[in-house]
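The values are calculated or read from the model by the stated rules, or taken from the named source; none is laboratory data. Note that the structure is predicted; figures quoted are calculated from it, not measured. Because the Cβ atoms are built from the backbone with ideal geometry, glycine has one as well, and the counts that use them run over all protein chains shown. Protein only, heavy atoms only, side chains kept; ligands, DNA and RNA dropped before computing areas. Shrake-Rupley method; radii C 1.70, N 1.55, O 1.52, S 1.80 Å.
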Amino acid sequence: MSHVNLGILAHVDAGKTTLTERLLYEAGVIDELGSVDAGTTQTDSLALERQRGITIRSAVTSFSIADVHVNLIDTPGHPDFIAEVERVLSVLDGAVLVVSAVEGVQPQTRILMRALRRLHIPTLVFVNKIDRPGADDERVLAEISERLAPAVTPMGKPHALGTRGAGFAPFPSLNRAAEILAERDDRLLAALVDGDSRLDDAWVRRALAAQTRRGFVHPVFFGAAITGAGVAALAAGIAELLPASDGDPDGAVAATVFKIERGPAGEKIAYARMFSGTLRVRDRVHFGADREGKVTSIAAFESGPAVQRRSVSAGEVAKLSGLADIRIGDRIGETGGEGGAHEFPPPTLESVVAARDSSDGASLRVALAQLAEQDPLIDVRQDDALGEISVSLYGDVQREVIQATLANDYGLDVTFREATPLYVERPVAAGEALEVLHGESNPFNATLGLAVAPGSEGSGVDVSVCVDAYSIPLYVYKTREKFAGHMNDYVRRALREGLRGWPVTDCVVTLTTCAYSVPDGPPSRRGPLSTAADFRKLTPLVLVQALERAGTVVCEPTVRARLEVPSASIAALMPALGRLGAVVEASAPAGDLTVVETLLSAVRARDLQRRLPSLTGGEGVLESTFAGYQPVVGEQPTRNRS
Ligand code: GDP
């Protein structure tokens, strides 16, 4: 049996929930169809209704189509928080993008399709709601090829559009697809040109499946999730056209964690997609750069909910218990973090979060610490002086997601203060500092010398250890590499807050001097044996002195915003961009839509995002990507050091 790990993506209201339910119903996973509207149910049994709801909204549901096993993986419905969406997309073999036959391609649909194409995820398009008055297959098909992807091919023709009896008839032959496919298939092109008699439907279908799997072409189906029309054809297309992910079950273990849930006792349950190998209960595995753990139980998806198993193999999705240090995005393997986890740009905003009920303060701290620990996209900072907690943010959508998670999973009602820019500090020159053993200003039992210098833009923090092996306290750290690893940690932790309280970046730090004390050493080094704590605590002290000598400048995050707006709204938009200090880099009208590229500060981009609906009659979309930091001129903003 082969596997497909599938995601369904859609603009809000296009019918993702209804389609999911219909696919599960037809596959026999749920026995009753409910209506997503007003929570109405067609069943008397509340338990059954709840069961259905849980199944439809769970992180993974599985079902079978013919002899293909499908794991339906829930993808977040927030195209504006694209980092979160992309993280889940990376574990998919294929996707179904739902478009409404009435509303057509929506701005958010374009953002989703762009992400799918960027990650080369094979994608089928399902044009839903053909039963609704105003449904127009030709218009939507044209829109799809103009606005979503040029290479699309309809798989059939809908009939009785706009009526309850609307249906979908698959084309008996796919001849008309041959031309599109021939653009990327020389043998097919030659056969087409020569009128080769061997060019039959089977050949075209094979070519279509091959090109769909490579993301070159997108087959388009039509139907109505609410009546079930066209859903069987779509299901057949999923089984036939989307790749079966049969990695090597005997190869080295490789899996990616795409979601973490908490069990009844707060323990972590990691959802992992297996790309290769076989994982067994009690296996010890590595994840991330230097973390490891033992799998204590495995539940795999077979048909419906997950079932307990002894092992899980390539192609499958499993819930793993026992990995206490695991984080979302981790690659699991026998040998550890090769391949490197997905790198995300830094968050650009931060906001103070507080529990509405002040007695929930402690629970909020625990909940946020848990979220931050398991999700690299969430970062929390505690301001002890003010007794406040801040969360770094990518934007309003992430704030809403965190708010909802705190409410649903932790029962916490929280408020966020207006977000402020998350500045960084960069050293402006080189600076060095040294604290020696027994020195007057040195409260710790160790010698450390650190040099700081500006790094190139976007280089982050680079730490190197340039001392002789004999000066390293190997009795604590065992090897030079382990010592370097710990120094790296100490330095990075210290650089989370620079001279003005902001994280320090684009910075090269070198350990130039190191010494420890020993009870029987020469007078200059005589004393109780230095401990790891001595080195750990001395690092920030020396580093701050080095930074003071180097000097730092506060820099503001900027983003490049790509706007797609109705051309008619340009006249109103341009002055608004000017007032926000945005630098317009390019503006290209394409029919009734205009694409504007602009560079502006991250906070201003957030303001623009909020004003966009009123500036563009609700039609504009904004996609922003991190564009580096710009030094703040004039007064330097500061933040409390915690
Ligand atoms: P989601 O937000 O993408 O999950 O969309 P839902 O599945 O919740 O559907 C949004 C609305 O569209 C609901 O009112 C559905 O009843 C309705 N809907 C979904 N599919 C169809 C369809 O095929 N035809 C019609 N007429 N309405 C549909």
Exercise. Mind checking whether some residue in the range 356-371 is in contact with a Lys or Arg (Cβ under 9 Å, 6 or more places away or on another chain) and modelled with pLDDT of 90 or more?
Worked result: yes
Exercise. Which one of Ala590, Ala582, Ala568 is open to solvent by less than 60 Å² (accessible area, probe 1.4 Å) and hydrophobic (A, V, I, L, M, F, W, C)?
Worked result: Ala582
For this session: Evaluate the range 81-102: report whether one residue or more is within 16 Å of the ligand (Cβ to nearest atom) and more than 27 Å from the chain's Cα centre (by Cα).
Result: yes
Seminar exercise, completed: When (1) at negative phi; (2) open to solvent by 20 Å² or more (accessible area, probe 1.4 Å); (3) outside any strand (DSSP E or B) are applied to Ile121, the one that fails is (2)
Problem set entry | Among (1) within 16 Å of the ligand (Cβ to nearest atom); (2) among the aliphatic types (A, V, I, L, M); (3) surrounded by fewer than 23 Cβ atoms within 10 Å (Cβ to Cβ), the one test that Ala225 misses | (3)
Exercise. Across the range 124-159, which residue is farthest from Asn5 (Cα to Cα) among those that are among the polar types (S, T, N, Q) and away from the ligand (no atom under 16 Å from the Cβ)?
Worked result: Ser145
Problem set entry | Flag for Leu119 being within 20 Å of the chain's Cα centre (by Cα), within 14 Å of the ligand (Cβ to nearest atom) and under 15 Å from Pro79 (Cα atoms) | no
Exercise. Which of the following residues is in a strand (DSSP E or B) and within 16 Å of the ligand (Cβ to nearest atom): Val285, Val220, Val257?
Worked result: Val220
Problem set entry | The one condition in (1) touching a residue at least 12 places away in the same chain (Cβ under 8 Å); (2) more than 19 Å from the chain's Cα centre (by Cα) that Gly288 fails to fulfil | (2)
Problem set entry | All positions within the range 142-167 that are under 21 Å from Leu9 (Cα atoms), in contact with a Pro (Cβ under 7 Å, 6 or more places away or on another chain) and not in a loop (DSSP other than H, G, I, E, B) | Thr153
Exercise. So which strands (runs of 3 or more DSSP E) are wholly in the range 523-642 and hold at least 3 residues that are more than 27 Å from the chain's Cα centre (by Cα)?
Worked result: 552-566, 583-590
Exercise. Do we have Pro557 as buried (at least 22 other Cβ atoms within 10 Å of the Cβ) and at pLDDT 95 or above here?
Worked result: yes
For this session: Of the conditions (1) within 16 Å of the ligand (Cβ to nearest atom); (2) over 23 Å from Gly617 (Cβ atoms), Leu112 clears all except one; give me its number.
Result: (2)
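Here is a yes/no grid of residues against (1) open to solvent by less than 70 Å² (accessible area, probe 1.4 Å); (2) without any contact (Cβ under 8 Å) to a residue 60 or more places away in the chain; (3) of a type outside the set (Val, Ile, Thr); (4) touching an Asp or Glu at 6+ places or on another chain (Cβ under 6 Å):
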site: Ala182; (1), (2), (3), (4): yes, yes, yes, no
site: Leu199; (1), (2), (3), (4): yes, yes, yes, no
site: Ala209; (1), (2), (3), (4): yes, yes, yes, no
site: His218; (1), (2), (3), (4): yes, no, yes, no
site: Ala236; (1), (2), (3), (4): yes, no, yes, no
site: Asp248; (1), (2), (3), (4): no, no, yes, no
Problem set entry | Filter result for Pro243 (within 18 Å of Leu92 (Cα to Cα) and either assigned to a strand (DSSP E or B) or at pLDDT below 95 (or both)) | yes
For this session: Working only within the range 532-550, note down all residues that are open to solvent by 20 Å² or more (accessible area, probe 1.4 Å) and small (Gly, Ala, Ser).
Result: Ala532, Ala533
Exercise. If the Cβ limit is 6 Å and pairs must be 6+ apart or interchain, which residue in the range 95-111 that is over 16 Å from Arg139 (Cα atoms) and in a helix (DSSP H, G or I) pairs with which residue that is modelled with pLDDT under 90 and open to solvent by less than 10 Å² (accessible area, probe 1.4 Å)?
Worked result: Gln108/Pro79; Ile111/Pro79
Exercise. Do any residues in the range 18-35 that are open to solvent by 10 Å² or more (accessible area, probe 1.4 Å) and within 12 Å of the ligand (Cβ to nearest atom) have Cβ atoms under 6 Å from those of residues that are aromatic (Phe, Trp, Tyr) and modelled with pLDDT of 85 or more, where the two are at least six apart or on different chains, and which pairs are they?
Worked result: Leu33/Tyr25
Exercise. Mind checking which residues of the range 350-407 are under 24 Å from Asp325 (Cα atoms), of a type in the set (Asp, Glu) and without any contact (Cβ under 8 Å) to a residue 40 or more places away in the chain?
Worked result: Asp379
